[in-house]
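Down below is the structure, laid out as structure tokens.
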Amino acid sequence: MGYIVILSGAGISAESGLGTFRDKGGMWAKFNPADLANPRAFAKDPARVHEFYNLRRTACVAAEPNAAHLALARLERDFSGKVLIVTQNVDDLHQRAGSVDVLQMHGALFRAKCAGCGEKWQAALIMTADDTCPSCGAKACRPDIVWFGESPYHMAEIRAAIAACDLFVVIGSSGTVYPAAGFAAVAQEHGIRTLSINLDHPAGASSFDEMMTGPASRMVPRWVEQVLGAA
Ligand code: APR
């Protein structure tokens, strides 16, 4: 086996204390995504949207990568083939754990962009509606997060990776938000083995040849041990 592609979701960061979206008490149980995670909500009330992401950025700074993030960084270092992480998460825990080849398809909490000229820069911990773009000076600064109704990043690269890999693994995702939710079925159509590592059975369970059920901090190190031991 020479190429592993891993798709991670909020569940891999749950044990680092960062909330998931759809679990009981998850983010979307407290906040309505329609009020926050879309361009119209931002145009209507930028201060409220900034406050939501300021809270998430502050929580992320206080969080630490957990054993699952660290195990994936070890896999990238010690596996003889290639490892690519495609994450739906906007936190930076994979990178802080040491993973290098990471594609953030839903954007990044710690990156900002100008809704006017498209300039991107490292986001301050606290952003406000009065911030001005460092490039064009417009008061149009937003988190560089892919909101509902916007196109995810890196899609061509992700599709090519899924078609070329030998194993496609989904860790900590409910499998309910497309296009990511359809990736396992695409891999299976290419005859690629698929594995789910999740606290419970995700949607689209039939797209997985194998399922490891349990907390990521326990299951991912165990899986990485199996892969490296078998190599
Ligand atoms: N270990 C493994 N899996 C876990 C853990 C854990 N400790 N805790 C929760 N999970 C699982 C849940 O069972 C659930 O299946 O993680 C999954 C989290 O699902 P969601 O909350 O829907 O998160 P995710 O799949 O990443 O959401 C996808 O939706 O709102 C958008 O842009 C947002 O990227 C997000 C996308």
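We did not get these values from a lab; they are worked out from the coordinates using the rules stated. What you are looking at is a predicted structure, and each value in this text was computed from that prediction instead of being measured. Because the Cβ atoms are built from the backbone with ideal geometry, glycine has one as well, and the counts that use them run over all protein chains shown.
Summary of computed values
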| item | result |
| --- | --- |
| Nearest 10 degrees, 0 to 90: helix 46-62 Cα axis against the chain principal axis | 40 |
| Mean Cβ count within 10 Å, highest first, over the residues of peptides 23-35, 39-51 | 39-51, 23-35 |
| With Cα atoms, 0 to 90° folded angle of helix 155-164 axis to the chain main axis | 0 |
| Cα Rg, Dmax (largest Cα-Cα span) when computed across the chain, Å | 17.8, 55 |
| Shape box of the stretch 50-184 [Cα atoms, principal axes, largest first, Å] | 47, 30, 27 |
| Relative packing of 11-20, 92-101, which averages over residues the other C-beta atoms within 10 Å, highest first | 11-20, 92-101 |
| Filtered trypsin sites (Lys or Arg not before Pro), the stretch 137-231: DSSP coil and at most 14 other beta carbons within 10 Å | 139 |
| 12 Å beta-carbon shell around residue 90, net charge (K/R +1, D/E -1) | 0 |
| Structure-based [θ]222 nm, the chain - -39500 (n - 2.57) summed over DSSP H runs of at least 4, per residue, nearest 500 | -9500 deg cm²/dmol |
| For the chain, Cys with no neighbouring Cys Cβ under 4.7 Å | 60, 141, 165 |
| Gained length - residue 150 relative to residue 34, 0.36 nm times residue gap less alpha-carbon distance | 40.4 nm |
| Difference of contour (0.36 nm per residue) and Cα-Cα distance, residue 121 to residue 200 | 24.7 nm |
